[in-house]
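For reference, the structure discussed in these notes is given below.
The values are calculated or read from the model by the stated rules, or taken from the named source; none is laboratory data. Nothing here was measured: the structure is a model prediction, and the numbers come from that model. Cβ atoms come from the backbone with ideal geometry, glycine included; neighbour counts cover every protein chain shown.
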Amino acid sequence: MSDLPDRRLNAYRNDLAEERLRGTVKATQYVAGSPGLICVPVVQMRARPDLECGTDNELLLGETVRVLDTDGGWAWVKADFDGYVGYIPDYAVSPVIRSLTHIVTAPRTFVYSGPDLKFPTVQALSMGNRIAVVDERETRGTRYFLMEGGQAIIANHCAEAGKPLSGDYVDIAERFLETPYLWGGRSGFGIDCSGLVQLSMMMAGRTAPRDTDMQASGLGTPIGREELRRGDLVFWKGHVAIMEDEKTLLHANGHTMNVSHEGLEEAIKRIGWLYQQPTAYRRP
């Protein structure tokens, strides 16, 4: 087993590493990185600067990162929210850090060319996207937030940044029902099992690691199966599900290829042939 730090959370290559790893890993150069802001609704993050490389994670509009290197159309970044490291296309990150006033709370919504639902749409946004609101308008009883340039978004699809959407993160996770399953996904357009946990908790004002193994080892405290209640987590090797109540769970899964309900006993039996029995039960 390698003694090197986890590359998902530590930025290092032979030629370059983040400054905090000086003395821990060998590199030709160490950098603190420069601030960056994700400027597209959703961008896939990869372990290598290669479009053939699978997706490890996704970053959302308005999230901040440290840009460690740019080369060949790629930016090597570390997310400020959870410390995840990877490569994204360089057009997806801006060096301009701006004040973002609101966050999208609907699983998916649209940006219109102006404050009217009959106007053309110019962009689709996901829950967790952060925007700058500069004004408000009402058209035929519907309230809109206006952004720079005059584009508009439905006001009740947003909330003030920094204000939890709900005190119950399971309530937020349930809003993603039937959202397509996407490996590495972390948005209302497609989401994986650990992404559902992390994004739902983030919208509830809580933090969670990104990947299943990180959540299983460091999120909350271990409990027994007989203690399971709403909000607890059930882990298998490579999978996590959220308990809706003592008998039913919610998870993004590759069986139905979406976010779905399933009975706990049925899930344990179905998943067992491939991943054996659950490896952990935790209360976050």
**Request:** Could you look through the stretch 105-138, keep only residues that are more than 16 Å from residue 150 (Cβ to Cβ) and among the charged types (D, E, K, R), and pick out the one that is surrounded by the fewest Cβ atoms within 10 Å (Cβ to Cβ)?
**Result:** 108
**Complete:** When the stretch 257-280 is checked residue by residue, the ones that are part of a strand (DSSP E or B) and within 27 Å of residue 107 (Cα to Cα) are 258, 259, 260, 261, 262, 263
**Request:** Report whether or not residue 221 is surrounded by fewer than 18 Cβ atoms within 10 Å (Cβ to Cβ) and hydroxyl-bearing (Ser, Thr, Tyr).
**Result:** yes
**Prompt:** Restricting to the stretch 47-66, what's the tally of residues that are in contact with a Phe, Trp or Tyr (Cβ under 9 Å, 6 or more places away or on another chain) and either free of Cβ contacts under 8 Å to residues at least 24 places away in the same chain or part of a loop (DSSP other than H, G, I, E, B) (or both)?
**Reply:** 7
**residue 78, sole failed condition from (1) within 20 Å of residue 129 (Cα to Cα); (2) over 19 Å from the mean Cα position of the chain (by Cα)** = (2)
**Prompt:** When the stretch 93-104 is examined, which residues are found to be free of Cβ contacts under 8 Å to residues at least 60 places away in the same chain and surrounded by fewer than 21 Cβ atoms within 10 Å (Cβ to Cβ)?
**Reply:** 94, 96, 99
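Considering only the stretch 147-256, give the helices (runs of 4 or more DSSP H) lying wholly within it that have at least 3 residues that are free of Cβ contacts under 8 Å to residues at least 40 places away in the same chain and outside the structural domain of residue 126 (by TED's automatic domain parsing).
Filter on the stretch 147-256 gives 212-218.
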**Complete:** Residue set 135, 69; condition in a strand (DSSP E or B), free of Cβ contacts under 8 Å to residues at least 40 places away in the same chain and over 27 Å from residue 197 (Cβ atoms); output residue 135
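This table checks each residue for (1) touching a Ser or Thr at 6+ places or on another chain (Cβ under 9 Å); (2) surrounded by 22 or more Cβ atoms within 10 Å (Cβ to Cβ); (3) not acidic (Asp, Glu).
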{"position": "19", "(1), (2), (3)": "no, no, no"}
{"position": "25", "(1), (2), (3)": "no, no, yes"}
{"position": "28", "(1), (2), (3)": "no, no, yes"}
{"position": "34", "(1), (2), (3)": "no, no, yes"}
{"position": "50", "(1), (2), (3)": "no, no, no"}
{"position": "55", "(1), (2), (3)": "no, no, yes"}
{"position": "58", "(1), (2), (3)": "yes, yes, no"}
{"position": "85", "(1), (2), (3)": "no, yes, yes"}
**Every residue from the stretch 114-132 that is free of Cβ contacts under 8 Å to residues at least 12 places away in the same chain and of a type outside the set (Ser, Thr, Tyr)** = 118, 120
**Request:** Please give the number of the condition residue 10 fails out of (1) surrounded by fewer than 17 Cβ atoms within 10 Å (Cβ to Cβ); (2) outside any strand (DSSP E or B).
**Result:** (1)
**Item:** the stretch 192-205, subset over 8 Å from the mean Cα position of the chain (by Cα) and over 16 Å from residue 161 (Cβ atoms), residue surrounded by the fewest Cβ atoms within 10 Å (Cβ to Cβ)
**Value:** 201
